[in-house]
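Enquirer: Pasting a structure here, questions to come.
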């Protein structure tokens, strides 16, 4: 989904492009996506923020409750825009804002090679087709926003992302007559489990559950009803309204996945671009959901990448008057600027997320203590501080 952000951004700069989508059609499955103020700033640059806001309500406070300690902490959101949107709404709005003939479905990239004559990338698809970028865009750039199992990341030498031994379970619960949860993002935990609940609108809430410690293997648990029953069983010591919320959830929205991440040292030590190929979104910096910043960071990537490309490169109509060598050099300069601008930002987010995930993903108290110390030393600000970031104008 997030590769559409890059397409819209680049198209706003009047640069012709095409997205190769492996799915046969638009994928609207999935649950909610939390978007903080930094993500909304980037969406406003895309000119889709206003329309998307009509699909959700603003969160006014974040409530954190510890059951064993009977303790509550409240973070006001009066100066920070926080909303949860349905993945379906986001995809439909993005699709409606795309230029015609910019999406090619059922086109899965399996390998990438280099044209020996021009040094530009050549894409190989699962059906045996060979694609040269110049066939679709005179700028000949390959943007690898192909997610967790990125072929572009693999071609750049990055190893596959890792997974924590913990999972996250997500779903929607509809309330046809309206819910009574107000506009609060509610996070409740005991020593074993963490649950979050955030309203999407007056009649729909998004919720998620994650263990606080390593858990047994759940890879065989696929059936949504069994997953929901499993969640209800886990929540026996939680408030009754939480249990009833999960019981009433929409089965089609339920998902259970292990938490994947790219270690921050990979971002520090590896090349995130080479020649005319570059990474963005989860392909570059997939991270756990602990900060709620994975989607926001991907939207930021799109704004920065489009800006860097437009500053260094000519529009399609002007590409024919410069040589391939000069074009290649300009592309490299643009991608280098993009990675330099994004690298520190995504390393900070990934490190913070990795430390939190390591605390919940290990049974070693020594490792837990070490991660807590690093968090206190380097990430002691409010959990909302990451939303202060502004990726700038398109």
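The values are calculated or read from the model by the stated rules, or taken from the named source; none is laboratory data. Small disclaimer: the values here were computed from a predicted structure and weren't measured. Positions of Cβ are generated from backbone atoms using ideal geometry, with glycine treated the same way; all protein chains shown enter the neighbour counts.
Enquirer: How many residues does the stretch 375-394 contain that are surrounded by 15 or more Cβ atoms within 10 Å (Cβ to Cβ) and without any contact (Cβ under 8 Å) to a residue 24 or more places away in the chain?
Expert: Looking only at that region, the number is 1.
Enquirer: Checking residue 343 against (1) surrounded by 17 or more Cβ atoms within 10 Å (Cβ to Cβ); (2) under 30 Å from residue 32 (Cα atoms), which single condition isn't satisfied?
Expert: Only one criterion in (1) surrounded by 17 or more Cβ atoms within 10 Å (Cβ to Cβ); (2) under 30 Å from residue 32 (Cα atoms) is unmet by residue 343, namely (1).
Enquirer: Do any residues in the stretch 227-241 that are in contact (Cβ under 8 Å) with a residue 40 or more places away in the chain have Cβ atoms under 8 Å from those of residues that are surrounded by fewer than 16 Cβ atoms within 10 Å (Cβ to Cβ) and in a helix (DSSP H, G or I), where the two are at least six apart or on different chains, and which pairs are they?
Expert: 228/247; 228/251
Enquirer: Within 23 Å of residue 362 (Cβ to Cβ) and in contact with a strand residue (DSSP E or B) (Cβ under 7 Å, 6 or more places away or on another chain) - does that describe any residue in the stretch 243-257?
Expert: Yes, the stretch 243-257 has at least one match.
Enquirer: Here's a follow-up. Select from the stretch 106-126 the residues that are at pLDDT below 80 and on the phi < 0 side of the Ramachandran plot and write down the one among them that is surrounded by the most Cβ atoms within 10 Å (Cβ to Cβ).
Expert: Result: 118.
Enquirer: Do you know which of the residues in the stretch 69-88 that are in contact (Cβ under 8 Å) with a residue 24 or more places away in the chain and out of contact with any strand residue (DSSP E or B) (no Cβ under 9 Å at 6 or more places or on another chain) is surrounded by the most Cβ atoms within 10 Å (Cβ to Cβ)?
Expert: 80
Enquirer: Now for a different question. State yes or no: is residue 301 crowded, with 24+ Cβ neighbours inside 10 Å and either closer than 27 Å to residue 189 by Cβ or in contact (Cβ under 8 Å) with a residue 40 or more places away in the chain (or both)?
Expert: Yes; evaluated as a whole, the condition is true for this residue.
Enquirer: Restricting to the stretch 287-326, count the residues that are modelled with pLDDT of 75 or more and under 21 Å from residue 47 (Cβ atoms).
Expert: Number of matching residues: 17.
Enquirer: Let me ask something else about it. Failed condition for residue 116, given (1) in contact with a helix residue (DSSP H, G or I) (Cβ under 9 Å, 6 or more places away or on another chain); (2) farther than 26 Å from residue 256 by Cα, with all others met?
Expert: Here residue 116 meets the rest and fails (1).
Enquirer: Going by the conditions given, is residue 353 touching a residue at least 12 places away in the same chain (Cβ under 8 Å), in contact with a strand residue (DSSP E or B) (Cβ under 9 Å, 6 or more places away or on another chain), closer than 26 Å to residue 78 by Cβ and in a helix (DSSP H, G or I)?
Expert: For residue 353, the condition - touching a residue at least 12 places away in the same chain (Cβ under 8 Å), in contact with a strand residue (DSSP E or B) (Cβ under 9 Å, 6 or more places away or on another chain), closer than 26 Å to residue 78 by Cβ and in a helix (DSSP H, G or I) - is met.
Enquirer: Filter the stretch 148-159 for residues that are surrounded by fewer than 19 Cβ atoms within 10 Å (Cβ to Cβ) and touching a helix residue (DSSP H, G or I) at 6+ places or on another chain (Cβ under 8 Å); which is nearest to residue 249 (Cα to Cα)?
Expert: Here the residue is 148.
Enquirer: For the list (1) farther than 21 Å from residue 206 by Cα; (2) at pLDDT 85 or above; (3) surrounded by fewer than 16 Cβ atoms within 10 Å (Cβ to Cβ), I need the number of the one condition that residue 66 fails.
Expert: Unmet condition: (1).
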